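Report on the structure given below.
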Amino acid sequence: MNTNFLERWEALHLWVDRRRWWVRLAFAVVVIPWFVHFAYTRMTTPPVDPEAGRKYVNEGWSEPDDAMADLLAAIEAIPDPPTLPPPPAAPEGYQWVPTEAAAGTGPFSVYPFDVASYGPWDPQSRHHLRHAVDYLGRDDLDAALARVADLARTTVLPFGYSGMPLSPIRHVSKLLVARARYFMAEKHDAAAATRDLRTVLDLCVMLQGDTSSICHLAAIAIRQFVFSELICLSREFDLTRDQAQEILAEIEPARMGFAEIWTRAVDGESAVARQYLDGFYTPGPDGWLVIYVPAPDAGLLGRAPAVLNLLSGIVGDRGTFARKVEMRRFRARRLGDLPFAEARARLAGASDAQRGYSWTWYNPVDGQAASPGWFAHPRGYGAIARTAACDAAAATSLALSVYHTDHGEYPARLVDLVPTYLPVLPVDPVTGGPLRYRLDPRDGYSLYSPGSDSRDDGGPLRDEQGDLYDVAEGPDWIFVGVERPLPYVAEWFLVPDAGVPAMKAKLAEANE
């Protein structure tokens, strides 16, 4: 070691040793007050909105405003469904065959509208459906749903809201879709049916504002339900060109393409993540994370855990958090511009940390911001793409229905629908072009998308035994309405004596 350096070091050591008393005094005067100030501020300074932080942990962001409270009250005011009585004595030569859920009597195990839109619309042979029809046609129900429809178009979720009670939204959506089928089957009123479907889509638009991922997830599931119903209506009822155009015009303002759904999901999740800043960080770009926020009325013992806030020095500051949130939002939004297969492959090949698919708020080493980020996962991305494809299939299916009414057959190619029945062909987000289509000698046609694997398997409608694939089981995303699944919830079926064994077997298979 350099001799000169050692001499200087020894001289400094002697200088400090001779003046040890006032060096200690300076340390006590400068360093100790600074540390006391540091500890006091870390232990007592709350984040910008400490109540928001506590609500997020315990309840979800923010309280519903007056408009949201009015909507929830309107849903609560919807008349309850009737009690389901046992069926009367069967006519001679017939038997009532119950499902397992209908073996006893009493109230509906589920609301009647949960099943009213499934199976053949034959109230004479379906005891359950007869009572559902009576319920769906009530004047007080009509008034209650009209109030919901008015509020659905004007209600906006509070910014970053994640406390939305989704069960009432799901229930009223199912009710409105069932009543749309009622209007078509019982009243032949396409305009009234479309208004109910539009109300459901308006509720979805509300859920897809700047809000949490769970609301977006519920909204895209409900959208699929609505568009699947439109596809079934187009296959089961002979619509005129004017009716089909009226349906598309009515729902158009509430429709969303893949890019818009994806962008809203990303921005909504990022909005909630940014609210972490106010709920957990102190003000300013250098603000620190408040690890423990004592309650306002906490005593001395209750404030003791605030000592943990001294560790906030090893966690990234507010500015770091904000930059990471924005970077994730930027990267996620760019995925929406890529071809579906490439974007999904990137998500599938990324680690959870790279996707932001983590439930931790911060990393103790670098303060990495992390939000649930379900949208940045292959399954979430695929769910959004399937919803957009179902939307495209609904518009295409309506046009195919009208073409069949006009010509007595389906077109050889989808391009034959343009421009008379559709101005342009709707886009499948998986391929970036029209949906795949082929004529089918048994079922009329198959309308499908290659699906999550982006591989065209020909859109088979039936398995090797000739049974229709369930909507989620086929090798492709198939959008047809050739047959409704047999209901297997609270219901009795009036069946001729000779058909009882076959009906019981079919119900047993459905219950499995």
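The values are calculated or read from the model by the stated rules, or taken from the named source; none is laboratory data. What you see is a predicted model; the values in this text were computed from it and never measured. Cβ: placed from backbone, ideal geometry, glycine included. Neighbour counts: every protein chain shown. Accessible surface is based on the protein model in full, side chains and every heavy atom, while ligands, DNA and RNA are left aside. Shrake-Rupley method; radii C 1.70, N 1.55, O 1.52, S 1.80 Å.
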Can you name the number of the only condition in (1) closer than 30 Å to residue 188 by Cβ; (2) over 28 Å from the mean Cα position of the chain (by Cα); (3) not in a helix (DSSP H, G or I) that residue 243 fails?
(3)
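Out of the residues in segment 196-228 that are among the hydroxyl-bearing types (Ser, Thr, Tyr) and assigned to a helix (DSSP H, G or I), state the one that is modelled with the lowest pLDDT.
Per the criteria, the residue is 213.
Restricting attention to segment 65-102, which residues are among the acidic types (Asp, Glu), surrounded by 12 or more Cβ atoms within 10 Å (Cβ to Cβ) and more than 26 Å from the chain's Cα centre (by Cα)?
Residues of segment 65-102 that are among the acidic types (Asp, Glu), as a first pass: 65-66, 70, 76, 80, 92, 100.
Checking which are surrounded by 12 or more Cβ atoms within 10 Å (Cβ to Cβ) leaves us with 65, 70, 100.
Once the filter is applied, which keeps residues that are among the acidic types (Asp, Glu), surrounded by 12 or more Cβ atoms within 10 Å (Cβ to Cβ) and more than 26 Å from the chain's Cα centre (by Cα), segment 65-102 yields only 100.
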Given (1) more than 30 Å from residue 95 (Cα to Cα); (2) modelled with pLDDT under 90, where does residue 150 come up short, assuming only one miss?
(2)
With the requirement that a residue be open to solvent by less than 60 Å² (accessible area, probe 1.4 Å) and either polar (S, T, N, Q) or modelled with pLDDT of 70 or more (or both), what does segment 55-64 give you?
62
All but one of (1) out of contact with any Pro (no Cβ under 7 Å at 6 or more places or on another chain); (2) modelled with pLDDT of 70 or more; (3) in a helix (DSSP H, G or I) hold for residue 52, so report the exception by its number.
(2)
Restricting to helices (runs of 4 or more DSSP H) lying wholly in segment 256-338: which have 1 or more residues that are in contact with a His (Cβ under 7 Å, 6 or more places away or on another chain) and among the small types (Gly, Ala, Ser)?
258-280
Checked against (1) in contact with a Phe, Trp or Tyr (Cβ under 6 Å, 6 or more places away or on another chain); (2) modelled with pLDDT under 85, residue 47 satisfies every condition except (2)
Report, ordered by the first and then the second residue, all pairs with beta carbons closer than 8 Å, sequence separation of six or more or different chains, a first member in segment 76-96 that is at pLDDT 85 or above, and a second member that is crowded, with 16+ Cβ neighbours inside 10 Å and among the β-branched types (Val, Ile, Thr).
78/148; 78/172; 94/495; 95/495; 96/495
Restricting to segment 312-329, what's the tally of residues that are within 15 Å of residue 38 (Cα to Cα) and open to solvent by less than 10 Å² (accessible area, probe 1.4 Å)?
1
Failed condition for residue 309, given (1) open to solvent by 60 Å² or more (accessible area, probe 1.4 Å); (2) modelled with pLDDT of 85 or more; (3) not β-branched (Val, Ile, Thr), with all others met?
(1)
Single unsatisfied condition, residue 406 versus (1) touching a Ser or Thr at 6+ places or on another chain (Cβ under 6 Å); (2) among the acidic types (Asp, Glu); (3) open to solvent by 10 Å² or more (accessible area, probe 1.4 Å):
(1)
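Considering 236, 229, 250, which residue is closer than 19 Å to residue 198 by Cα and either surrounded by fewer than 20 Cβ atoms within 10 Å (Cβ to Cβ) or without any contact (Cβ under 8 Å) to a residue 12 or more places away in the chain (or both)? If you could, list the steps in order and put the result at the bottom.
On the way: 236 fails: closer than 19 Å to residue 198 by Cα; 229 fails: either surrounded by fewer than 20 Cβ atoms within 10 Å (Cβ to Cβ) or without any contact (Cβ under 8 Å) to a residue 12 or more places away in the chain (or both).
Unique residue meeting the criteria: 250.
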Just a yes or no: is a residue in segment 192-214 within 16 Å of residue 154 (Cα to Cα), acidic (Asp, Glu) and in contact with a Lys or Arg (Cβ under 8 Å, 6 or more places away or on another chain)?
yes
Quick check on residue 436: is it open to solvent by 20 Å² or more (accessible area, probe 1.4 Å), closer than 25 Å to residue 260 by Cα and not hydrophobic (A, V, I, L, M, F, W, C)?
yes
Test each condition in (1) closer than 29 Å to residue 45 by Cα; (2) under 31 Å from the mean Cα position of the chain (by Cα); (3) modelled with pLDDT of 80 or more for residue 261 and report the one that comes out false.
(1)
In segment 170-209, the residues that are among the hydroxyl-bearing types (Ser, Thr, Tyr) and farther than 22 Å from residue 70 by Cβ
182, 194
